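Since the structure comes first, as structure tokens, the remarks are kept for the end.
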Amino acid sequence: MRLIVAIVLLAVSTLSLATVITQQILMENPESIELVIDTDSQAPATIIHGSELSAFPGRPSITITGGDGSPSPTSPMDGVATEGANQVFIAYGRTIDVMAWLSPARHTQLRVDGLTPALTALPRSGYDIRLPNPVGSDLWIQEFIEIDTVTLSASIPEDVSVLIMSDGTLPAPNQITVSWPLVNQSPWTIVLFVIGIGTLVAGVVLLFIHYALWRTKRGPRRKLTKRPRHRPQRARAPKRSSLQPRGRRRMRLVAAPVAGLVMIAVVGCQSVEPAPETTVDPLAVQDPAAQAPYPSVTELQFSRIMGKVAQQIQLADEELSVNTLGIRVTEPTLEGRRAAYIVRRADPESGVLIPIQGSPIRLVLPQQTQTWPRTVFGIIQDEQDLESPSFGVVLRQEDPRSPYLLSYAIVLAPQVQLPDLPSARVGSAKLSADSKLTKITPSEVVSHYADVINQGSQSAFANEFALATDSLFGVIGPDAEALRQESFGESVEVSWLTSPLERDIVAFATTDGGAIVMGVVQEVETVKPRQQGAAVNASLAVRALTSLSQSLRGFDVQSNIQILFYVPPIGSEEGIRVLGYTYSVVGAKEVDSE
């Protein structure tokens, strides 16, 4: 019996291992599903939605081949020279962002038929037959530019789309290949391999045991003479039923289920079948109203955008060029830096230009939105360099095709304690200037603080702010004005007037129900002589801004102060805190004659 079982086990092992070898070596199964299309579309862009790329399992790869290399214009955004039809551009971003950037231009949409399988090109109409050069747009999560051919391999979520273009003027590359890897080794292959090895070992062990026992019984035996004894006649055993398996029939009945199991395993070793075709409507993903608000940028996008902004600011600071600066900077930072450039040209040693770095990024807080304009708040802080200032920056994008511009660049107070802010993956709601969701509205925060600066503790709003720990209040408040007057002496009269600027207020909700608010207060310092015929000498900055070295009437010096506030939630007894500020002289003029 042991021999029969061993033979059955070895037969099962042979069949299992032979099936595995046949599956892995002899059968030439394809390594991937590859769909190729050669479109004749003249549209400047081709898109593939992420829902189409999930038609088959696995990480898709997209290969695009360009054209003949005719010359084309330079990129208007980043000055990147292109190679015309030879340039192949591919990027991916959120579907809403991609569709907003394309609108209202015509384009081609690729559909994946998972049953055929095949790629289908669907033309989408539009008013424009040209698009801007896509290189360097801030909407893309990632972008790749090559000559002739480019390949993208990435796991694309369903709410993300892939954009394929040349330079916006020429038609999009028409040779597109999309492929998905096939996993040819199914779980049944491993099961069969384990069964084959296990039965092989068991069969060999049984054969060895059978051989050992056979050798033991094979030796010579001495037969002893015994007295004959009477043996009672035994009852004859009944005949075996013809239905009971004997010998080879029993072996066949044992092997039949094993063979059936092996055949099932062989069938299970076939290649993975493609998933059924998705039923997502491609037009539905184009409708912004069907999508919930989402973070305006990812951390990777913000890092790349902030790097471009910092590089542009550095170039403008070297050239002292407002035009260069205006490519990536807007108000209120633009106005302060413009004045600093004027002063720096007059005297290279004067003019405060605090360098704005693009990294390291400590925090990103994007606005939750699906429309434009969009705003994102971030903190640039080098925790290793204690001498380097930390900045709270605000970037704003007016429309899908515009770059993000730096509006606020606020120097944070040393050892500042920031409130709890939402994760960059979640984002935060941007509050309007008259929002009632905070202790006082964001616009009231700025106006009330300006009143406190003018009147000090006599202001009706003084108890709303944590003035005891407010370093800015000590710099521009009533006490600072008195010290300033004392430094000029009795011959000069100094007065300050602080007023709010409500046009640039930015507010984001915090996780505790409060808000961070960024606003600007404008300070006008008037310095004029008290005696008739006396003159006031101009400082280097005032001289550069007015072209006057002195004045009999005096000077009005205008400064803007960007301030970052933390407003506690409704019901909190905590005062509004100033987390940081940037003081910039923006203009000067001679006092008007009365």
- Task: Take the Cβ-Cβ distance between S495 and S423 as r, set R0 to 35 Å, and report the resulting FRET efficiency rounded to the nearest 0.05.
- Result: 0.15
- Taking a cut-off of 17 Å between Cα atoms, list the aspartates and glutamates near K528, but don't count ones fewer than 8 places away on the same chain. E481, E486, E490, E493, D556, E590, D592, E594
- Item | Förster radius 41 Å - calculated FRET efficiency between Q384 and K589 (Cβ-Cβ, nearest 0.05) | 0.40
- Task: Would you list, by chain and number, the aspartates and glutamates whose Cα falls below 13 Å from the Cα of K308, excluding same-chain residues fewer than 8 positions away?
- Result: D78, D138
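Stretch D159-R530 to full length: gain in nm at 0.36 nm per residue minus the Cα-Cα span? Intermediate results must be reported in sequence, preceding the final value.
On the way: separation 371, 0.36 × 371 = 133.56 nm, distance 6.87 nm.
Using 0.36 nm per residue and subtracting the Cα-Cα distance, I get 126.7 nm.
Given R₀ = 35 Å, FRET efficiency for I129-T151 by Cβ-Cβ distance, to 0.05?
0.80
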- Note on the structure: Per its Cα gyration tensor (rounded if a/c is under 1.5, else prolate when a/b beats b/c, else oblate), region 374-468 is best filed as oblate
- Query: If you take the square roots of the eigenvalues of the alpha-carbon gyration tensor of region 32-181 and sort them as a ≥ b ≥ c, do you get rounded (a/c under 1.5), prolate (a/b over b/c) or oblate?
  - Reply: prolate
- Item | Estimated distance in nm for a label pair at D38 and S547, the labels positioned 7 Å out from Cα along Cα-to-Cβ | 6.8
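Under the classification rounded if a/c is under 1.5, otherwise prolate if a/b is larger than b/c and oblate if not, where does region 295-590 fall, given a ≥ b ≥ c as square roots of the Cα gyration tensor eigenvalues?
On the way: a/c = 2.17, a/b = 1.33, b/c = 1.63.
Since a/c reaches 1.5 but b/c is at least a/b, the shape of region 295-590 is classed as oblate.
I need E523, E590 ordered by Cβ neighbour count within 10 Å, fewest first.
On the way: E523 20, E590 17.
Ascending number of Cβ neighbours within 10 Å: E590, E523.
Every number here is computed from the coordinates shown, using simple stated rules; none is lab data. None of these values were measured; they are calculated from a predicted model. Methodologically, a virtual Cβ is constructed for each residue, glycine included, from the backbone with ideal geometry; neighbour enumeration extends over all protein chains shown.
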